[in-house]
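Student: Quick one: the structure is below, questions incoming.
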């Protein structure tokens with residue numbers, strides 16, 4: 001009989017031990033929402049700047065250049081997608097301020113609901129990127145029509161790159177949503193009086 005532990009014994013020991021996770025302190029609960037809201041506001045500013053730049057650049061292309069009908073249609077669709085995306089971002093992800101008069105339970109409930117709202121937005125927001133796909137397709141068709149000797153890889157390449165980009169965005173947003181869910185799970189449950 002050996003006194004050494006087997007791999008199976010180590011796995012059972014590792015899985016069965018309990019780790020006490022202390023709930024966050026009252027001060028930490030009060031500090032989390034404003035920090036979270038500041039992060040959301042900064043991210044939204046970054047998104048707004050990107051959206052406005054996209055609209056301005058495609059608007060400049062549309063107004064200052066003599067273009068074909070397909071190119072103008074693609075640029076118009078891209079501008080409309082940018083405007084719609086900014087509206088959906090504002091509607092779905094705007095940061096709400098924590099009212100100063102909230103008690104601990106109300107503060108916890110507010111922060112939990114804000115985390116859940118942001119998580120839900122992240123899980124569905126990748127679909128908003130699909131708004132730009134029609135304009136992208138029209139611009140690619142226009143490029144293929146204007147360039148007669150376009151190879152198969154040059155026609156398919158932009159679509160592959162766009163699909164990879166969308167895949168990476170979906171992956172990143174799911175990771176962010178999972179992180180928010182872990183934070184929701186770590187919050188202590190408010191006791192009802």
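Student: Determine whether the range 137-152 contains at least one residue that is loosely packed, with under 15 Cβ neighbours inside 10 Å, at pLDDT 85 or above and closer than 28 Å to residue 72 by Cα. Show your work before the answer.
Tutor: In the first step, residues of the range 137-152 are kept if they are loosely packed, with under 15 Cβ neighbours inside 10 Å; the result is 144-152.
Still in the running and at pLDDT 85 or above: none.
No: zero hits.
Student: Of 42, 73, 86, which residue is part of a helix (DSSP H, G or I), farther than 25 Å from residue 121 by Cα and modelled with pLDDT of 70 or more? Walk me through how you get there before you give the answer.
Tutor: Details: 42 fails: farther than 25 Å from residue 121 by Cα; 86 fails: farther than 25 Å from residue 121 by Cα.
Testing whether each residue is part of a helix (DSSP H, G or I), farther than 25 Å from residue 121 by Cα and modelled with pLDDT of 70 or more leaves just 73.
Conditions tested, residue by residue: (1) part of a loop (DSSP other than H, G, I, E, B); (2) in contact with a strand residue (DSSP E or B) (Cβ under 7 Å, 6 or more places away or on another chain); (3) free of Cβ contacts under 8 Å to residues at least 60 places away in the same chain.
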position	(1), (2), (3)
121	no, no, yes
131	no, no, yes
136	no, no, no
139	no, no, no
157	no, no, yes
172	no, no, yes
180	no, no, no
188	yes, no, no
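Yes or no, residue by residue, for (1) farther than 21 Å from residue 186 by Cα; (2) loosely packed, with under 15 Cβ neighbours inside 10 Å:
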position	(1), (2)
49	yes, yes
55	yes, no
84	yes, yes
109	no, no
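The values are calculated or read from the model by the stated rules, or taken from the named source; none is laboratory data. Here the structure is a predicted model, which is why all the values come from computation and not from measurement. When we count neighbours, we look across all protein chains shown, and the Cβ atoms used for this are built from the backbone with ideal geometry, even at glycine.
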